[in-house]
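What follows is a single structure, written as structure tokens, with notes after it.
The values are calculated or read from the model by the stated rules, or taken from the named source; none is laboratory data. Fair warning: this is a prediction, and the values are worked out from it, not measured in the lab. A quick note on method: Cβ atoms are made from the backbone with ideal geometry, for glycine too, and the neighbour counts reach across all protein chains shown. To get the accessible areas, we keep the full protein, side chains included, count just its heavy atoms, and leave off ligands, DNA and RNA. Shrake-Rupley method; radii C 1.70, N 1.55, O 1.52, S 1.80 Å.
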Number of protein chains: 2
Amino acid sequence: MTVAPRLHLEDVFRARRVLARHLPPTPLRPAFCLRPRPAWLKLECWQPTGSFKVRGATNFIASLSAEQRRGGIVAASAGNHALGVAHAVAILGGNLEATLFVPTTAPRAKVEKLRAFPVTVREEGDTYEEAHALAVAHAGKTGATYVHAFDDPRTAAGQGTVALEILEEMPEVGTIVVPVGGGGLIAAVAAAVKDRAPQARIVAVQPEASPSLRESIRQGTALLDYAAAPTLADGLAGGIGEIVFAHRDLLDEVVVVPEKDIEEAIVDLIAFDQVVAEGAGAVGVAALRAGLVKSAEDGRPVIAIVTGGNIDAPVLARLLQRRY
Amino acid sequence: MTVAPRLHLEDVFRARRVLARHLPPTPLRPAFCLRPRPAWLKLECWQPTGSFKVRGATNFIASLSAEQRRGGIVAASAGNHALGVAHAVAILGGNLEATLFVPTTAPRAKVEKLRAFPVTVREEGDTYEEAHALAVAHAGKTGATYVHAFDDPRTAAGQGTVALEILEEMPEVGTIVVPVGGGGLIAAVAAAVKDRAPQARIVAVQPEASPSLRESIRQGTALLDYAAAPTLADGLAGGIGEIVFAHRDLLDEVVVVPEKDIEEAIVDLIAFDQVVAEGAGAVGVAALRAGLVKSAEDGRPVIAIVTGGNIDAPVLARLLQRRY
């Protein structure tokens, strides 16, 4: 097993200089759905692609050499990273050929948006891991650069820029609650926050269907593959990356939420905040409303990063119908 | 009948200088729900209060003299203007007493958010017009300043700042589609756009249940009261103001949309753009998707202002259920 590098505040600042021209800060809003708790929502679901993934993809692709650009890029994604890559290709310009492997099980909301971009979409494999293997093979065969969705310092540093926005707008934040799939986001957020605002606690949240980070910590080894059960938080299903494992000492809590709480959080976000969140994006709110986050109990301000909003309308219809 | 003043680009620029410190521009995003038309959504539903009304309220309240502030303020609103006033009171600081009359029929999504602010909410009257009469009486009795929801140049000039953002981001815009209730927004948008980008057409949209602007133009007199039929676009129901009537020569089209199209637009915005719009906010998209906007047929870029997002979750559940 290789040991992944640690990220530093410097890496995240450097990514921010790259992104500044392309992605304005997302709103930080009081969470009506968590009242009367002193809680805020960092609305990454309002990024142009509907998720934070566009930060990392833009930072990665901006770093390519002219030669790498000529060779093209390839990525695998449950949907949001692919959208991030496609958007980055569109805004960074140039003649960059991008091939995106997306599993056949990806939400339609994500795949339909992808079709609007000048990229090649290949719906192959049943899971993220299978799409990843196909994409890596494609890179080997064609010489294209593989843009990893989470386990690359350039991707992760880009995701971490969300932490700089949070700290500027609310330096006194007590707890930041972060959804974890591959873990690129939380690794960079933790690196930046623990340097800049060490009083703030970092809480990881995963769905009960895919507690790969908790299990990795328990077993003392990064579970890069994890056989997840079906979950509304499709974007978080599967194994973690080496990078988040290398930053596990910076995490104050790892929380696991049941499906039922994720459902309720998605409905609450619509009902009280008029925010469309996908399952993966709602796990932080789910953990807070269910009282599962110990760090949030001391009355200091809490921020839940709502990482994405690309949920299929029929799923949303079914969830709303259960309550109303 | 008094003749309302004309608004000028200068008034809108002045309002913008007031708002700049408080309200960042809202996103202008490609409309996935209107593909393949060259259409964009101006997402005023993502304002901190969930609607554009916060622009006008903030501009009005920032203009109060110290003496007026001591006397307090009063407003009437179907919900969104009240939220705008409440938010302005919160961000502009000082000890400003605000009393807000909201009809008992207002959506719960709006009233529940209002309770989070340090204002007095009085749910009285069955319609906006009744709440308005009560608020005017309250102003007369107490000496409080009445903050009109649309028929005041300070309010309207604030709303018009949305046009400056549009013109800066997309100076080549061909058509701007604007929902019309009282008409403060479209009056100021038209004044600014026809000065700055006279090639752009301004299209007014009202629900079939409340075509008060179309009827006012037909009759040659501003119908300040209008007995609207029930409509999903509750925020647009009722009469228009003098101000929009004084600007009617700047409007290129006045379009009226059936309820069914408003329903479909709300669902499409959720399904394709993951945007929660209330009925009033969705009428522009409704008119475009139904092919009712003649100006939009020449292939030049079209922008629909999605004015607000405060819709009740049970209503949304019912609409989604009809399709899925």
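Of all positions in the range A:38-56, at least one carries a residue that is in contact with a helix residue (DSSP H, G or I) (Cβ under 9 Å, 6 or more places away or on another chain) and within 24 Å of residue A:143 (Cβ to Cβ).
Would you be able to tell me the number of residues in the range B:199-219 that are basic (Lys, Arg) and not in a helix (DSSP H, G or I)? First the steps, then the outcome.
Of the range B:199-219, the ones basic (Lys, Arg) are B:201, B:214, B:218.
Narrowing further to those that are not in a helix (DSSP H, G or I): B:201.
Matching residues across the range B:199-219 total 1.
For residue B:276, indicate whether it is touching a helix residue (DSSP H, G or I) at 6+ places or on another chain (Cβ under 6 Å) and surrounded by 19 or more Cβ atoms within 10 Å (Cβ to Cβ). It is false that residue B:276 is touching a helix residue (DSSP H, G or I) at 6+ places or on another chain (Cβ under 6 Å) and surrounded by 19 or more Cβ atoms within 10 Å (Cβ to Cβ). Report yes if some residue within the range B:181-204 is among the polar types (S, T, N, Q) and crowded, with 20+ Cβ neighbours inside 10 Å; otherwise report no. No, the range B:181-204 has no match at all.
Results for (1) of a type in the set (A, V, I, L, M, F, W, C); (2) open to solvent by 10 Å² or more (accessible area, probe 1.4 Å); (3) at pLDDT 95 or above; (4) under 15 Å from residue B:42 (Cβ atoms), shown as yes or no for each residue.
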site: B:122; (1), (2), (3), (4): no, yes, yes, no
site: B:137; (1), (2), (3), (4): yes, yes, yes, no
site: B:153; (1), (2), (3), (4): no, yes, yes, no
site: B:157; (1), (2), (3), (4): yes, no, yes, no
site: B:162; (1), (2), (3), (4): yes, no, yes, yes
site: B:174; (1), (2), (3), (4): no, no, yes, yes
site: B:208; (1), (2), (3), (4): no, yes, yes, no
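Checking B:194, B:141 one by one, the residue that is basic (Lys, Arg) and in contact (Cβ under 8 Å) with a residue 12 or more places away in the chain is B:194 and no other. Across the range A:268-279, the number of residues qualifying as facing chain B (nearest Cβ under 10 Å) and in a helix (DSSP H, G or I) comes to 6. Candidates are the residues of the range A:33-78 that are touching a Phe, Trp or Tyr at 6+ places or on another chain (Cβ under 6 Å) and either open to solvent by 40 Å² or more (accessible area, probe 1.4 Å) or among the small types (Gly, Ala, Ser) (or both); the one that is nearest to the other protein chains (Cβ to nearest Cβ) is A:78.
Output the residues belonging to the range A:260-273 that are open to solvent by less than 50 Å² (accessible area, probe 1.4 Å) and charged (D, E, K, R).
Here is the first cut: in the range A:260-273, the ones open to solvent by less than 50 Å² (accessible area, probe 1.4 Å) are A:261-271, A:273.
Within the range A:260-273, A:261, A:263, A:264, A:268, A:273 meet the criteria.
The residue pairs whose first member lies in the range B:1-26 and is open to solvent by 90 Å² or more (accessible area, probe 1.4 Å), whose second member is small (Gly, Ala, Ser) and at pLDDT 95 or above, and whose beta carbons are closer than 8 Å, counting only pairs six or more residues apart or on different chains, are B:1/B:222; B:3/B:246; B:6/B:191; B:6/B:246; B:8/B:191; B:14/B:157.
A count restricted to the range A:280-324 and to residues that are within 14 Å of chain B (Cβ to nearest Cβ), in contact (Cβ under 8 Å) with a residue 40 or more places away in the chain and either within 23 Å of residue A:27 (Cβ to Cβ) or not basic (Lys, Arg) (or both) stands at 15. Screening A:257, A:302, A:244 for residues that are crowded, with 19+ Cβ neighbours inside 10 Å, of a type outside the set (Ser, Thr, Tyr) and within 20 Å of residue A:156 (Cα to Cα) leaves exactly one candidate, A:244. Could you tell me whether any residue of the range A:66-78 is among the basic types (Lys, Arg) and closer than 30 Å to residue B:309 by Cα? No, the conditions are met nowhere in the range A:66-78.
Exactly one residue out of B:15, B:86 is touching a helix residue (DSSP H, G or I) at 6+ places or on another chain (Cβ under 7 Å) and under 24 Å from residue B:247 (Cα atoms), and it is B:15. Pick out the one residue from B:7, B:92, B:28 that is away from every other protein chain (no Cβ under 11 Å) and modelled with pLDDT of 95 or more. Going through B:7, B:92, B:28 in turn, the sole match is B:7. Against the list (1) touching a strand residue (DSSP E or B) at 6+ places or on another chain (Cβ under 8 Å); (2) touching a residue at least 24 places away in the same chain (Cβ under 8 Å), the condition residue A:123 fails is (2). Taking residue B:58, is it within 28 Å of residue B:226 (Cβ to Cβ), polar (S, T, N, Q), over 19 Å from the mean Cα position of the chain (by Cα) and at pLDDT 95 or above? The answer is no for residue B:58.
One residue stands out among those in the range B:95-111 that are touching a strand residue (DSSP E or B) at 6+ places or on another chain (Cβ under 6 Å) and open to solvent by 10 Å² or more (accessible area, probe 1.4 Å): the one that is farthest from the other protein chains (Cβ to nearest Cβ), which is B:99.
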